[in-house]
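Undergrad: Can you read through this structure? Questions will come right after.
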Amino acid sequence: MGIRDDHAKREAESWDELMAQVARLSPAQRELEGVVPGWSTKDLLWHCAYWANDVVQHLPALMDGTFVDPFEADDALGDRMNAEIATQAKAMTWDETMARAAEARSGVLTAWAALPDEPTDAAAEWFAEESFVHYDEHAEEIGRFAESLGASIDP
C-alpha cells in the first residue's frame, strides 16, 4: 500500500473515531462549550472539517514545490483563522455543521485521490496534519469531555 492509500485509510479510521466520540454526546451536549476553552463539539467538528478542506487549495503547490507556508510569515494567522472558524461554527446549526463537514471531507478526499502522481512528502505531511492527525487530537478531547459529562462509551 502506498502513502496515498495509507493516508486515505488513516483519514477514514480517524474520521470514524471522531464521529464515534461525537455520537457519545446528546444534541444539547454537542453545543456546550468547554471541550477546549470556548469551543463546543460542534465548533471543533467544523474546525476539523475547515482545516482538512483548506489543504485542497495548497495541494498543487505542495506537489510542485512552490508552496509558501502562510503561517511562517504571520505568527498570528492561525489564531485569527481559528477565531473566524469558531464564529462560523457558532452561527451554524448542528445539521448545517454536519452537512458542511461532509462536503469539506469529500472535497479533501477527492483532491487527495486525484493527485497526478504519488504525493510529495510535503503534500503527504500537510494532508496528514490537517486530516487524521487533527481528527485524532480533537477526538481525544471530545472523548474526555464526554467522560466528564458521564457519557457512555457505547451510546
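Undergrad: Residue check: is A12 in a helix (DSSP H, G or I), touching a Leu at 6+ places or on another chain (Cβ under 9 Å) and within 14 Å of V108 (Cα to Cα)?
TA: Details: in a helix (DSSP H, G or I): yes; touching a Leu at 6+ places or on another chain (Cβ under 9 Å): yes; within 14 Å of V108 (Cα to Cα): yes.
So A12 passes the test.
Undergrad: For the list (1) within 14 Å of L44 (Cα to Cα); (2) buried (at least 17 other Cβ atoms within 10 Å of the Cβ), I need the number of the one condition that A91 fails.
TA: Answer for A91: the failing condition is (2).
Undergrad: Something else now. Which pairs have Cβ atoms under 7 Å, sit 6 or more apart or on different chains, and link a residue in segment 4-18 that is closer than 16 Å to I142 by Cα to one that is basic (K, R) and in a helix (DSSP H, G or I)?
TA: W15/R105
Table: residues versus (1) acidic (D, E); (2) more than 14 Å from W112 (Cβ to Cβ).
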{"position": "D6", "(1), (2)": "yes, no"}
{"position": "E17", "(1), (2)": "yes, yes"}
{"position": "S40", "(1), (2)": "no, yes"}
{"position": "L59", "(1), (2)": "no, no"}
{"position": "F67", "(1), (2)": "no, yes"}
{"position": "L77", "(1), (2)": "no, yes"}
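Undergrad: Here is a further query. Suppose we keep only residues that are touching a residue at least 40 places away in the same chain (Cβ under 8 Å) and within 19 Å of L45 (Cα to Cα) within segment 104-128. Which one would you say is surrounded by the most Cβ atoms within 10 Å (Cβ to Cβ)?
TA: So the residue we want is F127.
Undergrad: Can I ask one more? Return the residues of segment 129-155 that are surrounded by fewer than 19 Cβ atoms within 10 Å (Cβ to Cβ), within 20 Å of A8 (Cα to Cα) and aliphatic (A, V, I, L, M); say none if nothing qualifies.
TA: Passing the criteria: only V133.
Undergrad: Enumerate the helices (runs of 4 or more DSSP H) found wholly within segment 33-99, keeping only those where 1 or more residues are within 16 Å of the chain's Cα centre (by Cα).
TA: On the way: elements: 41-64, 70-73, 77-91.
Those helices (runs of 4 or more DSSP H) span 41-64, 77-91.
Bear in mind that the values in this text are calculations on the coordinates, not laboratory data. Because the structure is a prediction, the values reported are computed rather than measured. Reconstructed Cβ throughout: ideal geometry from the backbone, glycine too, with neighbour counts over all protein chains shown.
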